[in-house]
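A short reminder: the numbers here are calculations on the coordinates, not readings from a lab. These figures come from a predicted structure and were not determined experimentally. FYI the Cβ positions are ideal-geometry reconstructions off the backbone, even for glycines, and counts take in every protein chain you see.
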């Protein structure tokens, strides 16, 4: 297993780092130093090689101690992957950028946002009545929860400098805060005498009462706190510009990823394959190859930007294909096991189990004995049909992961979502479709239930609409009758042009 010297750094556009310089970083640990070691070498390496490098650099006193620590730090997690005894860095993994920034190997993409405070007005005086402007500033972020109903009413009456009805006081407060302790019945419990309730229901303030001065001091302190908080926050205009820039970069990268040509490879058997199926994702076309047809067919892989398969690196090595700088999509389970109870009972997670839970395909893959029998008996037609069916199941899982950014694990009482490692965080998912549909006020066409049919994938499609949740986020999906559609049940989704008919 060889790689061009410093291939990782060349792909990432950085200079090769050195462990001696990184070991004193506050973020240095065995996993991060393993990333540094891989970047430094520019090629895959074993844990023994990394441990020897740590000992040479003075990270530990001896290689045995470093090796034991490396084994404990779960080294085969993104962006590092394990290929046999070797550990390598995936430069296309979206976690790489995070680690480069965290380890100080790349500069921030934008300058730090500076706090801006434009307020030069003096603080309100405790010897003068509260002004409405001061009260507006004090309640800019709502009425403090620690203020009693009487203090809130005193502040409003002092600011208006005239008696007011209880309804007017409450309306003034409600227009400026979503929450307040002030209620119409609050006046029944005031015993201090600071507010007198007249027979006509009007609230009148005694300006000489000591509660009035304490309220003015509370308003002054609240204004001071609000200004202090504002001085620590970045300028809202700069923040919005920063957010829009990030959105533009994400959209541009999403379009770049969407334009890449993708192929899925399914082989039987996994070791020493005698038959393979290639699925062109964009064209939705499956082609099978047997025996002597395999070698010429593998030349087609050079036409694609992304190659996906279960145990993709091991499979390409078996097929004698060098991936080069192409992106590889690992379609195997992102998690090997799931603990079921405290007694230690575990569930082994397989690709077939994820296909069943995500796509509703009861028998996603053929069993090995049957496939071997097809090979032995020369039943090539049956072999091709079974191989195509297996490849279509793999395609259904791949597309489900692209739509949701995760895959579904369902077994017994379990119903969980696991992240799909082949989906980049910038790629458009169902959430982005819902957000766009809500902004444009258009409907969606969705396929719910099991995986779509191969011949006509939109035959079972139905209209649906984006709906907002309790936090006003367009994260819900509703059908034409207004009933919620569970997002995890959606297999395919696309936008429809035209206004929503049920509005």
Notebook entry, point to check: If each of residue 431 and residue 343 carries a label point 7 Å out from its Cα toward its Cβ, how far apart are those two points in nm?
Noted result: 3.8
Item checked: Full-stretch length increase - residue 140, residue 415 - with 0.36 nm per residue and alpha-carbon distance subtracted -> 94.7 nm
Check: Roughly how many Å is it from the Cα centre of the stretch 187-255 to that of the stretch 107-179, as a whole number?
Finding: 4
Next item on the list: Provide 417, 371, 239 in ascending order of the number of other Cβ atoms located within 10 Å of each residue's Cβ, fewest first.
Entry: 239, 417, 371
Check: Over the stretch 132-231, what relative contact order in percent results from Cα pairs under 8 Å that are six or more residues apart?
Finding: 35
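Please give the FRET efficiency for residue 213 paired with residue 185, using the beta carbon to beta carbon distance and R0 = 25 Å, rounded to the nearest 0.05.
Numbers: r = 26 Å, r/R0 = 1.06.
Step by step, r from the Cβ atoms, then E = 0.40.
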Check: Based on the Cβ-Cβ distance of residue 236 and residue 131, what FRET efficiency does E = 1/(1 + (r/R0)^6) give at R0 = 22 Å, to the nearest 0.05?
Finding: 0.35
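Fewest first, what order do 54, 289, 189 take by the number of other Cβ atoms within 10 Å? Don't skip to the answer; put the middle values down first.
Details: 54 25, 289 21, 189 10.
With the fewest neighbours first, 54, 289, 189 line up as 189, 289, 54.
With Kirkwood's inverse mean 1/r over C-alpha pairs for Rh, give me the Rg to Rh ratio of the chain, two decimals please. Intermediate values should be presented prior to the final figure.
Details: Rg = 31.9 Å, Rh = 28.5 Å.
Rounded to two decimals, Rg/Rh equals 1.12.
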Next item on the list: Could you please rank 25, 15, placing first whichever residue has the fewest other Cβ atoms within 10 Å of its Cβ?
Entry: 15, 25
Next item on the list: Compute the distance in nm between two label points, each set 7 Å from the Cα along the Cα-to-Cβ direction, one at residue 95 and one at residue 206.
Entry: 6.8
Margin query: Assuming 0.36 nm per residue, please report the length gained on full extension of the stretch residue 284 to residue 494 beyond their Cα-Cα distance.
Written below: 74.0 nm
Item checked: Degrees, to the nearest 10: 30-41 long Cα axis against longest axis of the chain -> 50
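If I take every Cα pair under 8 Å that is 6 or more residues apart in the chain, average their sequence separation and divide by the length, what percent do I get for the relative contact order? Don't skip to the end; give the middle numbers.
Values: 753 pairs, mean separation 41.6, N = 503.
Relative contact order of the chain: 8 percent.
On full extension of the chain, what length is gained from residue 314 through residue 442, given 0.36 nm per residue of separation minus the C-alpha to C-alpha distance? Don't skip to the answer; put the middle values down first.
Values: separation 128, 0.36 × 128 = 46.08 nm, distance 4.45 nm.
That pair, residue 314 and residue 442, stretches by 41.6 nm at full extension.
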Check: Between the stretch 388-403 and the stretch 429-499, how many Å separate their Cα centres?
Finding: 20
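Per DSSP helix of 4 or more residues, -39500 (n - 2.57); summed, then divided by the residues of the chain. What does that give at 222 nm, rounded to the nearest 500? Don't skip to the end; give the middle numbers.
Details: 17 runs with 192 residues, N = 503.
-11500 deg cm²/dmol, from helical runs alone.
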Check: Taking only Cα atoms, what is the 0 to 90° angle, nearest 10, from helix 47-57's long axis to the longest principal axis of the chain?
Finding: 60
